[in-house]
Amino acid sequence: MYLPSTFSTALLLTMLSTLFWGSWANTYKGTKRYAFEHFYWDYILGVVLCSWVFALTLGSHGSAGEPFVANLQSADASNMLHALLAGAIFNVANLLLVAAVDIAGLAVAFPIAIGIAVVEGVVLSYALQPKGSIVFLVFGMALAIVAVLFDARAYNALRATTAATRKGILVSVFSGVLMGAFAPFVTRAMTHGHTLTPYSVAALFSIGAFLCCFAANTYLMRHPIQGAPVAFSGYWKGGARNHLLGLLGGLVWGLGGCLNFIAAGFVGVPISYAIGQSAPLIAAAWGVLVWREFRGARPTAWASLAGMFLCYIAAISLIALAYDR
């Protein structure tokens with residue numbers, strides 16, 4: 001299988017995962033009259049497709065480590081279970097994130113949810129795999145928290161707080177708590193006993209997420225966070241454009257996920273996860289520059305957004321410096 005051989009290569013993979021993780025939600029923003037619960041079925045299929053293509057190609061050929069199929073046959077069953085559980089936890093968190101984007105927009109939902117996730121995920125992963133400088137990681141996470149606070153201030157300056165706004169923020173918080181909880185399971189699967197390769201983790205992670213959809217997404221279709229219940233029959237009426245956008249969104253996230261897990265095999269999960277989950281920097285840029293979510297905002301909102309971007313860039317830099325060369 002392919003694994004990065006230098007820190008610079010692994011860092012590039014984590015930065016690319018940031019780009020992809022911060023961009024996939026644009027596909028949902030581009031859909032028309034398509035409930036996010038319907039969109040999510042296409043999305044999760046894209047994640048599975050991308051992860052298994054990686055596993056059967058790059059994960060199966062090369063001189064490093066065990067090939068994908070051989071690794072699945074020999075790895076500890078507990079590690080396989082941890083990878084599946086990680087995918088299931090991620091799936092619930094991501095469903096809530098898409099709902100939050102639907103309610104509050106990219107520039108708000110992503111920084112709040114992922115800002116919380118990066119702190120929780122890094123702390124819990126580091127407890128299992130203490131790889132890297134704890135000092136740089138702590139200061140990097142502190143700056144990520146400051147970035148979240150800047151984002152909340154920008155949103156408050158943009159518009160008056162409403163019930164929908166509060167709901168969107170609350171959903172983002174719950175999403176972030178769950179999103180940070182999947183990283184320790186990935187860490188466990190890649191560091192204990194007969195471990196899974198990054199490609200095996202990605203493949204099983206996607207299956208866990210897919211299977212979870214039948215419970216979590218079905219529940220949200222019947223009991224939506226906002227709006228009326230959604231019938232599954234509406235999925236078949238979504239149209240080719242909406243289905244393709246959903247599939248593309250999953251492929252983009254899956255690409256980011258595979259690259260992040262591959263990089264984690266070299267630099268460790270805490271560092272790879274922390275940099276990858278700096279995706280709000282990219283998502284907020286899309287929300288501001290493309291979707292014009294802050295059109296007409298007061299200068300205080302723009303100043304807070306600038307503070308958010310600067311803090312996230314500084315956080316990424318410090319977390320990168322945490323790697324023990």
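The values are calculated or read from the model by the stated rules, or taken from the named source; none is laboratory data. Keep in mind that what you see is a predicted model, and the values were worked out from it rather than measured. Cβ sites come from the backbone with ideal geometry, for glycine too, and all protein chains shown count toward neighbours. We work out accessible area using only protein heavy atoms, side chains counted, and drop any ligands, DNA or RNA first. Shrake-Rupley method; radii C 1.70, N 1.55, O 1.52, S 1.80 Å.
A few comments on the model shown:
- Among Q277, H223, Y43 - extreme Cα towards positive end, dipole of the chain, charges at beta-carbon: H223
- Helix screen, the chain: DSSP H segments with Cα axial length of 20 Å or more and mean Kyte-Doolittle hydropathy at least 0.5 are 7-21, 36-56, 77-104, 106-128, 134-158, 163-181, 198-222, 240-267, 299-321.
- Residue-averaged 222 nm ellipticity for the chain, from DSSP H runs of 4+ at -39500 (n - 2.57), nearest 500: -25500 deg cm²/dmol
- Reach of K131 by Cα under 30 Å, taken over lysines that are not fewer than 8 positions away in the same chain: none
- Within a straight-line Cα-Cα reach of under 25 Å, K167 can be paired with the following lysines, leaving aside sequence neighbours fewer than 8 residues apart in one chain: K29, K32.
- Averaged over residues, the count of other Cβ atoms within 10 Å places the peptides 189-200, 2-13 in the sequence 189-200, 2-13, highest first.
- D (Stokes-Einstein, µm²/s), Kirkwood Cα radius, region 122-241, 0.890 mPa s at 25 °C: 135 µm²/s
- Accessible-area composition of the chain, carbon plus sulfur, in percent [1.4 Å probe]: 72 percent
- Think of the chain as having a plus end and a minus end, set by charges on the Cβ of Lys, Arg, Asp and Glu; of I134, F20, G234, G234 sits farthest toward the positive end of this dipole.
- Debye, to nearest 20: dipole size of the chain, +1 on Lys, Arg Cβ, -1 on Asp, Glu Cβ: 980 debye
- Tail beyond 18 Å, pair distance distribution of region 201-325 (Cα, percent): 71 percent
- Accessible area of the chain divided out per residue, in Å², using a probe of 1.4 angstrom: 39 Å²
- Candidate values [x] 116; [y] 130; [z] 177, label of the one derived for volume of the Cα convex hull per residue in Å³: [x]
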